[in-house]
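Below is one structure, written out as structure tokens, with a few remarks after it.
The values are calculated or read from the model by the stated rules, or taken from the named source; none is laboratory data. Please read all numbers here as calculations on a predicted model, not as lab measurements. Methodologically, a virtual Cβ is constructed for each residue, glycine included, from the backbone with ideal geometry; neighbour enumeration extends over all protein chains shown.
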Amino acid sequence: MERFLNRKVLLGVTGGIAAYKCAALVRLLVKAGADVQVVMTPAAHDFITPLTLATLSKRPVLTDLFIRDGSGQWNDHVHLARWADVLLIAPASANTLGKMAHGQCDNLLLACCLSAACPVFVAPAMDLEMWKDASTKDNITLLKKRGVGIIGPESGELASGLTGEGRMSEPEGIVDAVITAMIGASKLAGKRILVSAGPTQEALDPVRYIGNRSSGKMGFAIAEEAAARGAQVQLVAGPVSLKTDHPGIERTDVVSAAEMAAACKARAPQCHAVIMSAAVADYRPARAAQSKVKKKDSGLDMELEPTEDILAWMGAHKPDHQRLVGFALETDNELEHALGKLKRKNLDLLVLNSLRDAGAGFGTDTNKVTLLAPGTDPQELPLMSKAEVARAILDRLEELM
Ligand code: CTP
């Protein structure tokens, strides 16, 4: 199960025999859905090859702050640290822990530590006496005080042949500790969430329809992120070419606005949150022809009738325990219209899409949105991947739940 979907993990590997376990660690993180960038200290190279970790993480391993090939290039620790959602150092040697505690940064990993604004976890690994040493204890106390998560070490047989505390925790335990600390406490865990996604198609005749350009990517990203946070997701999808395989997502495929309305209305009352990200058609042909409409020399008039506004129905029938999220796409007086919609449709959160910005809107992998909730200032987000937008929306939803 992808419990850590799309999370960016900066994995620091330092010099210690437990570095051999990092291959399994990278594999588990990747299997959990994470993007892993490995940064090794120079000493770590004596214990495991960068090739192993680069192959498993599918990214080149970084070690040096400066690339000394005369090109003047360098690995940007600030950028790396900002990229990461979490910095995990495993194994963390006594030397690296000491340097971290005292703000030293004489290698790329330590420079990343100093630049990191994200949560930092370390999995210490060293011999018994080193772990018991007063300087190590003081360093751990200092790091804990600064909010660094300490995972392990555990007791057992050590590389020296001695038995005692100092063994690095097993990769499964480390991954579990990080994921639990990062998202295990999600308010969405165990909650039922309804997400609608994609376009609808309104039949004109057996072969033609009125549709729109929605790809469903935003709604699917929301469904996957909610499932990653432990929610039971009901995904009602219009005709899209996207796949889902998360066990936490139950998918229902529909075609028309009427089918989407029926599927959503049947599921909503049992849900703790409803997120209507589908681009539902506002109109459909009043009469769909039973057989293919033949071409004529004259023009073709078509009468359209409104479809049901599903979001408005949800707002009017919202149970007390439920939070309702709608989407809006406005082209003029954006904020004013969106705030009107928020109130009129009894929404708890409105995601205002911008079509003005390059990279935002239909079909792209990125989006630029503003989040509006009653009684709070608009939260304008930068251009982000749809996975990141999904996280921002669900972070706000969690605050509201
Ligand atoms: N929506 C819906 N049912 C419809 C049409 C839209 O539930 N028949 C939902 C969408 O899923 C989305 C929001 O309403 O959450 C989109 O609204 P939008 O198209 O921006 O505006 P409308 O409410 O249709 O109003 P207008 O077209 O006047 O802006």
So, first residue over 19 Å from THR14 (Cα atoms) in the stretch 63-86, second residue modelled with pLDDT of 85 or more and small (Gly, Ala, Ser), Cβ within less than 6 Å, six or more apart or across chains; the pairs are VAL78/SER115
Subset of the stretch 243-255, residues closer than 30 Å to LYS31 by Cα, touching a residue at least 24 places away in the same chain (Cβ under 8 Å) and among the β-branched types (Val, Ile, Thr), comes to THR244, ILE249
All-but-one check, CYS112 against (1) over 15 Å from CYS22 (Cβ atoms); (2) assigned to a helix (DSSP H, G or I); (3) more than 26 Å from the chain's Cα centre (by Cα), failing number (3)
Inside the stretch 297-347, the number of residues satisfying the requirement of being in a helix (DSSP H, G or I), more than 9 Å from the ligand (Cβ to nearest atom) and surrounded by 15 or more Cβ atoms within 10 Å (Cβ to Cβ) is 4
Among strands (runs of 3 or more DSSP E) entirely inside the stretch 117-197, those with 2 or more residues being surrounded by 16 or more Cβ atoms within 10 Å (Cβ to Cβ) and at positive phi are 163-167
Apart from one, (1) in contact with a strand residue (DSSP E or B) (Cβ under 6 Å, 6 or more places away or on another chain); (2) within 14 Å of the ligand (Cβ to nearest atom) all hold for ASP253; the odd one out is (2)
query: Before we move on, is ALA24 in the same structural domain as GLY152 (by TED's automatic domain parsing) and either more than 23 Å from the chain's Cα centre (by Cα) or at pLDDT below 95 (or both)?
result: no
Next on the checklist: Among the residues of the stretch 379-387, are any within 14 Å of the ligand (Cβ to nearest atom) and under 30 Å from SER186 (Cα atoms)?
Outcome noted: no
From the option list ASP320, ASP365, single residue qualifying as under 30 Å from GLN232 (Cβ atoms), without any contact (Cβ under 8 Å) to a residue 12 or more places away in the chain and assigned by TED's automatic domain parsing to the domain that holds ALA288 is ASP320
If we take the stretch 7-109, then helices (runs of 4 or more DSSP H) inside it with 3 or more residues that are within 29 Å of LYS386 (Cα to Cα) and among the aliphatic types (A, V, I, L, M) are 22-31, 50-57, 77-83
Selection from the stretch 39-78 of residues of a type in the set (Phe, Trp, Tyr), modelled with pLDDT under 95 and either surrounded by 14 or more Cβ atoms within 10 Å (Cβ to Cβ) or over 31 Å from the mean Cα position of the chain (by Cα) (or both) yields PHE66
Scanning the stretch 271-285 residue by residue, the ones that are more than 9 Å from the ligand (Cβ to nearest atom) and either at pLDDT below 95 or crowded, with 24+ Cβ neighbours inside 10 Å (or both) total 3
- prompt: In the stretch 256-278, is there at least one residue being in a loop (DSSP other than H, G, I, E, B), among the β-branched types (Val, Ile, Thr) and touching a residue at least 40 places away in the same chain (Cβ under 8 Å)?
  reply: no
Within the stretch 351-364, identify whether any single residue is at pLDDT 90 or above and within 12 Å of the ligand (Cβ to nearest atom), and answer yes or no. yes
